[in-house]
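A.B. asks: Before we start, here is the structure in question, set down as structure tokens.
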Amino acid sequence: MKLVTYLREEVDQLAMLVNGQLYNVQELHPDLPTTMHMFLQMWEEVIDLAIQLDAQLKAGKMPRATSWGVPYETAQLLAPVPFPSSCRDGYAFRQHVAAARRNRKVDMIPEFDQYPIFYFTNHNAIQGPGDILCMPDHFRNLDFELEAAIVICKRGRNITAAEADEYIGGYMIMNDMSARLLQMEEMKLNLGPAKGKDFSTVIGPMLVTPDELEPFLIPAKEGHTGNAYNLKMKCWVNGIQVSEGNMGDMDWTFAEIVERCAYGADILPGDIIGSGTVGTGCFLELNGTGKLNDPNYKEQWLQAGDVVEMEIEGLGRLINTIVAEDTDFSILSQKKNV
């Protein structure tokens, strides 16, 4: 099942996507909620009914519903989970971590292979397709990050990796936007990324439930637990492909990341968890590799007007345009001289 949130009469509306048409879920059945927030809160009560109705739509067994459809291409899409309860981002792809460290001429950190890690980012900065508004300081090495993400669909605590997939409601594309100069400066103080990451995290364009992805299931990597999927991942900037990877390359599974998130803490319906960047999935890595191979390599960063398109097989295509805020206000210019 593919679930989409779009703007309908100035409010968020949950719909199923079938054959290029959006069907408002509550119009399909009165027991289904109108929003993704409500759907996730009621997940165990409504998911079987929703999947059943989705199958009927796909099979053409709901002829009356055809007149209710809204063309997907004309809808104003929002983030599929527009009001998440939290947002964490993981660090699951060894290829990306190893390449980034190699480019900085430091050894691979052994702790990567010992346990999965994550950081909290700004859940109030979640957005869907469309414009990404950026301040002047964001354009000091503005970057994308090609990732996958999940949403939690039921409350849990102290969950093992063996059972964690049951808490995953669906999968999405994530673009963890990054202002690299802000990020690099603040991380010298060892508190992790904050202002370099808190202005925009993009998810979408749809939430795809696990049943839809069963044909892509593959075994997790040796020594790991949880579902893994053979899904191609790509990114284009202004129509030029810059990144390619596969969700199946995740070394740490989402189930293992959820296990760590839920240790001694509640996870809640609506929590979003990203995978971390796929190998080749950002300019920071690509520029570092390019300069390592060629000292004259010209770095590339996102600029105002750039169009970023991300695609993960089975999860759709996420399209955003970089837009500069009409201001010259800079926090980098306010640094104290010591």
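A.B. asks: Check each of the trypsin sites (Lys or Arg not before Pro) in segment 255-338 and keep only those in coil by DSSP with at most 10 other C-beta atoms within 10 angstrom; list them in order.
C.D. replies: 298, 335, 336
A.B. asks: Suppose accessible area is computed on protein heavy atoms with a 1.4 Å probe; arrange 120, 93, 139 from highest to lowest.
C.D. replies: The ranking, largest first, comes out as 120, 139, 93.
A.B. asks: Related question: Can you tally the net charge around residue 317? Count Lys and Arg as +1, Asp and Glu as -1, for every other residue whose Cβ sits under 15 Å from the Cβ of residue 317.
C.D. replies: Charge balance in the 15 Å sphere: -3.
A.B. asks: Given a 1.4 angstrom probe, I'd like the percentage of the accessible area of the chain that is carbon and sulfur, rounded to a whole number.
C.D. replies: Reported share for carbon and sulfur atoms: 50 percent.
A.B. asks: Determine the relative contact order of the chain: mean sequence separation of Cα pairs under 8 Å and six or more apart, normalised by residue count, in whole percent.
C.D. replies: Relative contact order comes out at 23 percent.
A.B. asks: With just the Cα atoms of segment 213-323, tell me how far they stretch along each of the three principal axes, in Å, largest first.
C.D. replies: The Cα atoms of segment 213-323 stretch 46, 33, 32 Å along their principal axes.
A.B. asks: Select from 259, 44, 311 the residue whose mean-square fluctuation is largest in a Gaussian network model of the chain (Cα-Cα springs shorter than 10 Å).
C.D. replies: Fluctuation is largest for 44.
A.B. asks: Top mean-square fluctuation among 114, 300, 76, Gaussian network model of the chain, C-alpha springs under 10 Å?
C.D. replies: 114
A.B. asks: Measuring from the lowest to the highest alpha carbon on each principal axis, how far does segment 32-94 reach, largest first, in angstroms?
C.D. replies: Its Cα atoms span 46, 31, 27 Å along the three principal axes.
A.B. asks: Among the complete DSSP H segments of the chain, which ones combine at least 20 Å of alpha-carbon extent along their axis with a mean Kyte-Doolittle hydropathy of 1.6 or more?
C.D. replies: none
A.B. asks: Can you give me the accessible area per residue for segment 87-243, using a 1.4 Å probe, in Å²?
C.D. replies: That works out to 44 Å² per residue.
A.B. asks: For the chain, state what percent of all Cα-Cα pairs lands in each successive 20 Å bin, counting from 0 Å until the bin that includes the largest distance.
C.D. replies: Using 20 Å bins, I get a P(r) of 31, 57, 11, 0 for the chain.
A.B. asks: Same structure, new question: Taking K and R as +1 and D and E as -1, what net charge do the other residues with C-beta under 15 Å from the C-beta of residue 15 add up to?
C.D. replies: Local net charge: -2.
A.B. asks: Rg over Rh of segment 128-182, using C-alpha atoms and the Kirkwood radius, what does it come to?
C.D. replies: 1.16
A.B. asks: Could you work out which residue, out of 250, 174, 184, moves most in a Gaussian network model of the chain, that is, has the largest mean-square fluctuation with Cα springs under 10 Å?
C.D. replies: Of the options given, 184 has the highest mean-square fluctuation.
The values are calculated or read from the model by the stated rules, or taken from the named source; none is laboratory data. The shown structure was predicted, so the numbers you read here are calculated from the model rather than taken from an experiment. Backbone-built Cβ (ideal geometry, glycine too); neighbour counts: all protein chains shown. Surface areas here come from the heavy atoms of the whole protein model, side chains and all, with no ligands, DNA or RNA. Shrake-Rupley method; radii C 1.70, N 1.55, O 1.52, S 1.80 Å.
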